[in-house]
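Before any comments, here is the structure.
The values are calculated or read from the model by the stated rules, or taken from the named source; none is laboratory data. Please read these numbers as outputs of a predicted model, since none were measured by experiment. Cβ coordinates were reconstructed from backbone atoms using ideal geometry, including for glycine residues, and neighbour counts include every protein chain displayed.
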Amino acid sequence: MMCGGSLGVLGKARSQIQGGVSGRGERRPDPRWEERAGVGVRPGRGGREPGRLGKYGCSQQGSRLVSEWESQRSAGEFDRDVVRAQVRIESHRFGEGSFTFVARRVRERAHWPETETRSMFDNAKRVRRSFRVARTGARIYLGYKRTQRKVRKFPPAAAAAEWEQRHEAAAEALYQLAVDLKGMYIKSGQFIGTRTDVVPLPYTRSLSRLQDQVPARPMAVVRETIESQLKRPLEELFATFDEEPIGAASLAQVHRATLPDGREVVVKVQYPEVAGLVRLDVRNLRTIVGIVAWREPNFDFRAVVNEIGSQVPLELDFEREAEMTRRIRANLSGVPGVVVPRVIDDHVAKKVVVTEYIHGARLLDRERLESMNIDRTAFAKTVAEAYGHQIMVDGLFQADPHPGNILVLPGGRVGLLDFGLTKELPMAARLGFARLVIAAGDRDPHGIVAAFRELGVKTKSEEPEDVLPLMQLMFDARPIDAPQAGELEVRRGAMRANPVEAIPGDLVLLGRVIGLLRGVCASLGAPLSPMQMLRPHAERALAEAGAPPAAAAS
């Protein structure tokens, strides 16, 4: 009876979704959901089996599964299996509106708890999230294909203008997707927005705006996460706790507080829903860029997305972040002028980490920097010293470098924050990068090609004159004040003529460090070359390993 009753409920719900209300006083879902999905159950015609869902799926398969389950499982088990199968069908076909209707009707008949229905509703939301990503990706791809056909007979200047418009439209679509879906997409957008070596300029202009697009979660959510993770009331853990966060990022937000012993601390709290969404989002991104790379080899961003996909989930483990912070703090303890916050060991959990508060000015706070009257060139060199030591001496470095993670401390000292995203480099990668630093500083094209090969970079042409523009774009060795307005587009054109076929994830993250160092020099007005600042560490790493320098390696 239970089986028949459940099938009756599902059949009745299906008929109401498809054709109207069959019972008095029962709500009818908005038919626009069905129209929007572009699918519907059609009667059999032209040899098609009754109940087939057009070209989008087949209810016959579901019916066969139901028959098999019914013969093998108890009434109670079968009841729930049918509902879960139905949930998958309805959520894919109709979206949230019809899904809510079906789930509510089933729960009313089967007496399911609210939490189980909510879990199914979350699954439907994830389906819609995946659909939104796929739809945006398809629109961007088709837009590029249209432009590709359109500009075939255009003169170069007109074609360049048309491509610029296409890049701007695609970048804006990605920006809006990230703002709407948040989480991993904001993180990915922020990452891509810093990569002038990988993406066209309109992408960096649009996606750089994502730094300010993360809304903070309410205090009730923050309290619940802290207390459930640290197993104590908030009032026992902290003497004071500022409800207004001092920062909200893509995966977590940070609050200022004081411990019962009076120490000032910062409390980093992970958003409760983000862990489950990150796995889904990484899968979606990998699928889309894989399809694009297969269809359009010149638009292969798999290395970038693979590195994001392998590293960002690690950021969700705050116990790992605490351990990385301790290790880097110990590694840099002998580097003069560099400060890393201390971890409060008994205030660490999977989704909460507490560190000491460091008083300093943000790198972009120009007014405070003016009042501190620091030696800006010396400060930039200290930042390079910190990263050079991490990369080539220790082999463990902060892989999410941006101005928000650097503080200017009294006396011109450097404060480094946030070690959620860290990277350990094998010795081979450290030595390969050291050779690249030396070859780039010497502007030795043959040494650069040899270092690229050692690191696993593959380009369509490996002739030195063809590879040099890629190195210049990723690891520009010139001082920051050197003229570059027109050169950037020239290099981009050279890269389009000689596209990158493979680039290891390690090098993607190392490129971000170089970008950070150039940004630090630019914001401070220090005319320094990042590669030249890293050179002493490169030479030290090669000497300690007994490895040949770049020239010998080439």
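Answer yes or no: is there a residue in region 492-511 that is closer than 25 Å to residue 304 by Cα, at pLDDT 85 or above and in the same structural domain as residue 415 (by TED's automatic domain parsing).
Going through region 492-511, the residues closer than 25 Å to residue 304 by Cα turn out to be 492-511.
Add one more test, that the residue is at pLDDT 85 or above, and what stays is 510.
Restricting the remaining residues to those that are in the same structural domain as residue 415 (by TED's automatic domain parsing) gives 510.
Yes; the residues of region 492-511 include at least one that is closer than 25 Å to residue 304 by Cα, at pLDDT 85 or above and in the same structural domain as residue 415 (by TED's automatic domain parsing).
I'm checking my understanding of the structure. Among residues of region 347-361 that are part of a loop (DSSP other than H, G, I, E, B) and not aromatic (Phe, Trp, Tyr), which one is surrounded by the fewest Cβ atoms within 10 Å (Cβ to Cβ)? Reasoning before the result, please.
From region 347-361, those part of a loop (DSSP other than H, G, I, E, B) are 349-351, 357-360; that's our starting set.
Checking which are not aromatic (Phe, Trp, Tyr) leaves us with 349-351, 358-360.
Working: 349: 17, 350: 13, 351: 22, 358: 17, 359: 9, 360: 19.
The extreme case among them is 359.
Is it fair to say residue 335 is more than 16 Å from residue 524 (Cα to Cα) and part of a helix (DSSP H, G or I)? Reasoning before the result, please.
Numbers: more than 16 Å from residue 524 (Cα to Cα): yes; part of a helix (DSSP H, G or I): no.
For residue 335, the condition - more than 16 Å from residue 524 (Cα to Cα) and part of a helix (DSSP H, G or I) - is not met.
Name every residue in region 534-548 that is farther than 9 Å from residue 438 by Cβ and either among the charged types (D, E, K, R) or outside the structural domain of residue 381 (by TED's automatic domain parsing) (or both), in order of residue number. Don't jump to the end; show me each part of the working.
First, pick out the residues of region 534-548 that are farther than 9 Å from residue 438 by Cβ: 534, 536-537, 540-541, 543-548.
Scanning region 534-548 gives 540, 544.
Scan region 315-327 and tell me whether some residue there is modelled with pLDDT under 95 and in a helix (DSSP H, G or I).
Yes: region 315-327 contains one or more residues that are modelled with pLDDT under 95 and in a helix (DSSP H, G or I).
Test of understanding: among 138, 124, which residue is at pLDDT below 90, more than 18 Å from residue 189 (Cα to Cα) and assigned to a helix (DSSP H, G or I)? Reasoning before the result, please.
Working: 138 fails: more than 18 Å from residue 189 (Cα to Cα).
Every option except 124 fails the conditions.
Take the residues of region 273-311 that are within 29 Å of residue 226 (Cβ to Cβ) and out of contact with any helix residue (DSSP H, G or I) (no Cβ under 6 Å at 6 or more places or on another chain): which is modelled with the highest pLDDT? Let's see the steps before the verdict.
Residues of region 273-311 that are within 29 Å of residue 226 (Cβ to Cβ), as a first pass: 273-282, 308-311.
Applying the additional criterion that residues be out of contact with any helix residue (DSSP H, G or I) (no Cβ under 6 Å at 6 or more places or on another chain) yields 273-277, 279, 310-311.
Numbers: 273: 79, 274: 83, 275: 80, 276: 77, 277: 80, 279: 79, 310: 77, 311: 76.
Only one residue tops the list, namely 274.
Determine which member of the set 334, 388, 309 is free of Cβ contacts under 8 Å to residues at least 60 places away in the same chain and farther than 30 Å from residue 133 by Cβ. Give the derivation first.
Details: 388 fails: free of Cβ contacts under 8 Å to residues at least 60 places away in the same chain; 309 fails: farther than 30 Å from residue 133 by Cβ.
Going through 334, 388, 309 in turn, the sole match is 334.
Check residue 323 against each of (1) touching a strand residue (DSSP E or B) at 6+ places or on another chain (Cβ under 9 Å); (2) farther than 30 Å from residue 255 by Cα and name the one condition it does not meet.
(2)
Of the numbered conditions (1) closer than 30 Å to residue 360 by Cα; (2) over 27 Å from the mean Cα position of the chain (by Cα), residue 232 satisfies every one except a single condition; which is it?
Residue 232 satisfies every listed condition except (1).
Select from region 398-410 the residues that are modelled with pLDDT of 90 or more and surrounded by fewer than 24 Cβ atoms within 10 Å (Cβ to Cβ) and list them in ascending order.
Going through region 398-410, the residues modelled with pLDDT of 90 or more turn out to be 398, 406-410.
Hits for region 398-410 are 407, 408, 409, 410.
Test residue 142 against the stated conditions and say whether it is assigned by TED's automatic domain parsing to the domain that holds residue 293, surrounded by fewer than 15 Cβ atoms within 10 Å (Cβ to Cβ) and of a type outside the set (D, E, K, R).
Details: assigned by TED's automatic domain parsing to the domain that holds residue 293: yes; surrounded by fewer than 15 Cβ atoms within 10 Å (Cβ to Cβ): yes; of a type outside the set (D, E, K, R): yes.
Spelling it out, residue 142 is indeed assigned by TED's automatic domain parsing to the domain that holds residue 293, surrounded by fewer than 15 Cβ atoms within 10 Å (Cβ to Cβ) and of a type outside the set (D, E, K, R).
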